[in-house]
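Asker: Before I ask anything, here is the structure I am working with.
The values are calculated or read from the model by the stated rules, or taken from the named source; none is laboratory data. Values in this document were obtained by computation on a predicted structure and should not be read as measured data. Cβ: placed from backbone, ideal geometry, glycine included. Neighbour counts: every protein chain shown.
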């Protein structure tokens, strides 16, 4: 299905799960303070309590470690959207607002990883391929849900094509959450951002004037 995401780990590494998780945890902590380009393999290995040579048993490079973190974080992003992607009888405005609030909360937690992977795609071909594969999965899932809502008579009919609309909406989310994750948390600001995004999603996708953004859940 689409472009396969490149492997992020050396295939010979089958042991030391605890060490691998420690490397990922320490790398993410370093990313919260500095960009990837300023973080060396030696520094990550030392923080995890292993040697530089041992690092390469688990990851081929610091970029490979970042891709592993990115896969993990993006799985959480997609999971946070499932309440809308798998919507059945819940009001669209409620599930969209909650999904966006969950997504923003995730960017608050994993922003350094998500931003680093997004930025590294310009200099690392494997990171670029991974980002494209992840983005394609998210857009495909969103487009499929838009089509389901259209088939049910709830959403505006085409044009635009469901996939083009999904790409525009998810791209809007990316830019908004990327920027928000670099700012200090503000409950009021986060509520306003989620409310704004929910309004755009609902008015763009749904045809019923009675569908309005719900009150953003308190964090």
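Asker: Taking into account only those residues within the stretch 56-104 that are in contact with a helix residue (DSSP H, G or I) (Cβ under 9 Å, 6 or more places away or on another chain) and part of a loop (DSSP other than H, G, I, E, B), which is nearest to residue 118 (Cα to Cα)?
Answerer: 61
Asker: In addition: For the subset of the stretch 146-168 comprising residues that are in contact with a strand residue (DSSP E or B) (Cβ under 8 Å, 6 or more places away or on another chain) and part of a helix (DSSP H, G or I), which member is surrounded by the fewest Cβ atoms within 10 Å (Cβ to Cβ)?
Answerer: Checked the stretch 146-168; the qualifying residue surrounded by the fewest Cβ atoms within 10 Å (Cβ to Cβ) is 149.
Asker: Taking the residues in the stretch 16-55 that are in a loop (DSSP other than H, G, I, E, B) and over 19 Å from residue 116 (Cβ atoms) as candidates, determine which candidate is modelled with the lowest pLDDT.
Answerer: 16
Asker: Check off (1) farther than 18 Å from residue 74 by Cβ; (2) under 17 Å from the mean Cα position of the chain (by Cα); (3) exposed (fewer than 15 other Cβ atoms within 10 Å of the Cβ) for residue 171 and give me the number that stays unchecked.
Answerer: (1)
Asker: Picking from 52, 115, which residue would you name as being in contact with a helix residue (DSSP H, G or I) (Cβ under 9 Å, 6 or more places away or on another chain) and surrounded by fewer than 19 Cβ atoms within 10 Å (Cβ to Cβ)?
Answerer: 52 is the lone residue from the list that is in contact with a helix residue (DSSP H, G or I) (Cβ under 9 Å, 6 or more places away or on another chain) and surrounded by fewer than 19 Cβ atoms within 10 Å (Cβ to Cβ).
Asker: Kindly provide the set of residues from the stretch 105-141 that are free of Cβ contacts under 8 Å to residues at least 24 places away in the same chain, part of a helix (DSSP H, G or I) and within 17 Å of residue 62 (Cβ to Cβ), ordered by number.
Answerer: Listed by number, the residues that qualify are 125, 128.
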